[in-house]
Amino acid sequence: MNELVKTRRQKAAAKTAGAAPTASRDPERTMAEILAVAAREFAAKGLAGARVDEIADATRTSKRMIYYYFGSKEGLYLQVLENAYRGTRQSESRFHLADLDPVTALKTLVGVTYDHHRDSEDFIRLVMNENMARGAFLRQSEVIQRLNTPAIEVIRDIYERGRALRVFREGLDPVEIHSVISALAFFNVSNRHTFGLIFGDKSADGKANTLSRELVQDLVMRYVWNNAAA
């Protein structure tokens, strides 16, 4: 009996100290499932509207387990944001843009960005929500800053190689090139529902493509192209 009481006290003390809740599943897999469900929840409802209880129910975990892994609702939201930006950068890195000629590299980058945004509506919504919050959580993340710096360096390398070959015009800023690419690819998703309703231009799933992939590539190339050398 004394041993039973001792065991119960040890379990209670461990719980109070924040020990990991018992789980039969792999912790990394569990965290990945929580992040995937949380991304949909935060994208649909924002930080204020999302409910940790609903995320726990959808992942067959518990609120306590989520808090153990992520610290708080805000901690979970921040990791969702970091995961979203990490996915964007990983989609770009697979194409080894430094090995391509600058024209092909830039067209490929634009296409990859377009495809990622088109297929990742949750990412677009997360970014929109974070902008409504004036970047409050993104500002806290050193991870996102580290992820985005190489993205600009990739564009800088492509642009400088194209400028050296005189196919890209002088005086452009890599951040501005990145902004143009992002703006066009982002708008294609952020306004797909309203465009589909207003102009009746809907795909089979009821969402409009406001700009085609080829048009976005063409617009970016026209922006950087050195017409004087043509």
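Among the candidates Val112, Val127, which residue alone is touching a helix residue (DSSP H, G or I) at 6+ places or on another chain (Cβ under 8 Å), open to solvent by less than 30 Å² (accessible area, probe 1.4 Å), β-branched (Val, Ile, Thr) and free of Cβ contacts under 8 Å to residues at least 24 places away in the same chain? If you could, list the steps in order and put the result at the bottom.
On the way: Val127 fails: free of Cβ contacts under 8 Å to residues at least 24 places away in the same chain.
That would be Val112, the only listed residue that is touching a helix residue (DSSP H, G or I) at 6+ places or on another chain (Cβ under 8 Å), open to solvent by less than 30 Å² (accessible area, probe 1.4 Å), β-branched (Val, Ile, Thr) and free of Cβ contacts under 8 Å to residues at least 24 places away in the same chain.
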Report yes if some residue within segment 146-154 is touching a His at 6+ places or on another chain (Cβ under 7 Å), closer than 24 Å to Ala39 by Cα and open to solvent by 30 Å² or more (accessible area, probe 1.4 Å); otherwise report no. no
Could you list, in sequence order, all residues of segment 155-170 that are open to solvent by 40 Å² or more (accessible area, probe 1.4 Å) and either among the aromatic types (Phe, Trp, Tyr) or in a helix (DSSP H, G or I) (or both)? Arg156, Asp157, Glu160, Arg161, Arg163, Ala164
Would a scan of segment 85-99 turn up a residue that is buried (at least 16 other Cβ atoms within 10 Å of the Cβ), closer than 25 Å to Arg166 by Cβ and either touching a Pro at 6+ places or on another chain (Cβ under 8 Å) or at pLDDT 90 or above (or both)? yes
May I ask you to say which residue of Asp53, Asp57 is touching a Lys or Arg at 6+ places or on another chain (Cβ under 7 Å) and either open to solvent by 70 Å² or more (accessible area, probe 1.4 Å) or in contact (Cβ under 8 Å) with a residue 60 or more places away in the chain (or both)? Asp53
Given the structure, is Leu81 more than 19 Å from Glu214 (Cα to Cα), buried (at least 19 other Cβ atoms within 10 Å of the Cβ) and in contact with a Phe, Trp or Tyr (Cβ under 8 Å, 6 or more places away or on another chain)? yes
Restricting attention to segment 36-50, which residues are surrounded by 17 or more Cβ atoms within 10 Å (Cβ to Cβ) and without any contact (Cβ under 8 Å) to a residue 24 or more places away in the chain? Val37, Glu41
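The values are calculated or read from the model by the stated rules, or taken from the named source; none is laboratory data. Just so you know, these numbers come straight off a predicted model, no measurement behind them. Glycine gets a Cβ as well: all are built from the backbone with ideal geometry, and neighbour counts include every protein chain shown. Accessible surface is based on the protein model in full, side chains and every heavy atom, while ligands, DNA and RNA are left aside. Shrake-Rupley method; radii C 1.70, N 1.55, O 1.52, S 1.80 Å.
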